[in-house]
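One structure is given here, and the rest of the page talks about it.
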């Protein structure tokens, strides 16, 4: 760490203020040699902790500088180690929790840009958003109305960027754990003034998890499509019987949505997987949809999305 970087950091930490010129100087000193070192990253967090107010330029600098340090300091670039993940998690939760949108944005940026990231970081973000939805308090609520059990636009943006990020449980796809989180949020916020994009996010998120492999042989008959439409118009329909009929009437298509998941199987494996309907997957969906003895609006939209995907498989 250069002497100039140290001096700027010490001054900012001492008076609790960071000026635009100091931010520019830190940017030049920190990236002057094309690399951010550990001592500089630590100094940035020390400055942040000392600031009475955090100007937008500082927040932008912190997110980009620490993100650069975590993602590109070690080879191969873009792969965040468990040790790096633990360090970052400890820094953003130093006071017990994520308490600023800057810290949350930093985590989302790392998860979003990493080729591989410890699940711990992804879970930190998702846990914080779920907590904010349930309590009405948290980083995504800063500057807005504090209402519990409501999904905001900021919640939706953060959730979408995180669950569809390349790194994590299922790269560029939604894991079962994440789908279960979406269901918990959905159940807690039904009939509330949620952000318009929440319905689409729920449907696409859970639908992404449910979708398995696209088999060219998957077909859906006209009769089966009519049955699906009738089911969608009947809120009293039994979900378990619906799933069973789907499995028998369109086994290939059903496998597209509810088949096992795996990492790039062969074509022969794909064909076998497309035929499979695991009891675990059937039970998972049924348990969540019939948990409250009703098929709500979002669940109807999810089933419509699933049937549409099957019909085009």
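Each peptide in 126-133, 109-116 was scored by the mean count of other Cβ atoms within 10 Å over its residues; highest first, the order is 126-133, 109-116. As a proxy for reagent exposure, 142, 186, 199 were ordered by neighbouring Cβ count within 10 angstrom, fewest first; the result is 142, 199, 186.
Spin-label pair residue 176-residue 308: with each label point 7 Å from Cα along the Cα-Cβ axis, the two points sit 2.7 nm from one another.
Its alpha carbons considered, segment 12-95 gives a radius of gyration followed by a Dmax of 12.9, 39 Å.
FRET efficiency for the pair residue 52 and residue 142, taken as 1/(1 + (r/R0)^6) with r the Cβ-Cβ distance and R0 = 25 Å, rounds to 0.95.
Could you compute how fast segment 5-164 diffuses translationally, taking Rh as the Kirkwood radius over C-alpha pairs and applying Stokes-Einstein at 20 °C with viscosity 1.002 mPa s? Give it in µm² per second. Rounded to a whole number, D works out at 132 µm²/s. Take the Cα of residue 27, step 7 Å toward its Cβ, do the same at residue 135, and the gap between the two points is 3.4 nm.
Calculated on the Cα set of segment 7-49, radius of gyration then Dmax: 9.9, 29 Å.
Between residue 293 and residue 7, full extension at 0.36 nm per residue minus the direct alpha carbon distance yields a gain of 96.6 nm.
Readers should treat all values here as calculations from the given coordinates under stated rules, not as data from a laboratory. Bear in mind the structure is a predicted one, so any value in this text is a computation, not a measurement. Neighbour counts run over all protein chains shown; Cβ positions are idealised from the backbone, glycine included.
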